[in-house]
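A quick write-up on the structure given underneath.
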Amino acid sequence: MANDNPNNKDQQAHDGKDVSRRQFLKNSGYTAGGVVGGALLGGLFGNPFKTEETSTTTDNKAKEPLQEARTFFSRSEDFRTLAAATERIYPEDDNGPGAIELGVPYFIDKQLAGFWGSNSKDYTKGPFKPQASDTHGLQSKMNRGEMFLVGLQRMQEISKKDHDEKFYDLDGETQDAILESFESGDVKIRGMRSDTFFTLLRNTTIEGVYSDPAYGGNKDMQGWKMMEYPGPYVGWTNDIDAEEFLSKEPTSLRAYQGGGV
């Protein structure tokens, strides 16, 4: 990340020659800590399925193999639908791997298997008003795990009904169209709004790209490497007075806690 890098894409972005979603993430601090608000991203980038880079990968289908053990999703069909959807939200391109290669589906699987997926630490009493304003917070009796299962299965239903194929077998443009219908809130889902599910899906996808690898995503810290984020170093006392911009190899929680990557 030397500041005299002749291939510096930052400068290209400033010149308006290479403005892309990934370039923006690289330049910004919005991903610090690995958590990005989906609404924020949506507002900044508009429709996430109409970017230049995604248009070049319209035939990008769910990649195989997805061979690791799952802890939450018992049905392969649900998990493959999830994988395909995350890949459309964060596709592979010239900057690096997409959501599947980064392990995002497994990151989501692990989160849903824990207390976060069951909302065990959240207030879960009614009344519930699914059509209420966003300022009312989550308005569903379902926990996050149930929301994922119901939302993904609804996605599969629409795919089979309208296209006579499973979601993960569709071409990229058709997958995008289905995801857009969820994002706009046009899809009817019993017990929750489709845009609520889409926001949950998008947020967790981005979190899986940029969270510490200890949580199951960001495989081999490739998400950080794309944006040249060094990870959670214990201290910066040896570097804080440096006059030159420093480039450091990323390190994860496991590295300085005594484990591997």
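Which loop-located chymotrypsin sites (Phe, Trp or Tyr not before Pro) does the stretch 183-261 contain, where loop means any DSSP state but H, G, I, E or B and the Cβ has at most 10 other Cβ atoms within 10 Å?
Phe245
State the answer as a single residue: which of Ser120, Ser74, Val104 lies farthest towards the positive end of the charge dipole of the stretch 68-172, with beta carbon charges of +1 for Lys and Arg and -1 for Asp and Glu, about the Cα centre.
Ser120
Taking the Cα centre of the stretch 87-219 as origin, work out the dipole magnitude from +1 charges on Lys and Arg Cβ and -1 charges on Asp and Glu Cβ, in debye rounded to 20.
1080
Rule-based calculations on the coordinates, nothing more; no lab input. Every value quoted in this text rests on a predicted model; they were computed, and no experiment measured them. As a convention, Cβ positions derive from the backbone with ideal geometry for all residues, glycine included, and neighbour counts pool all protein chains shown.
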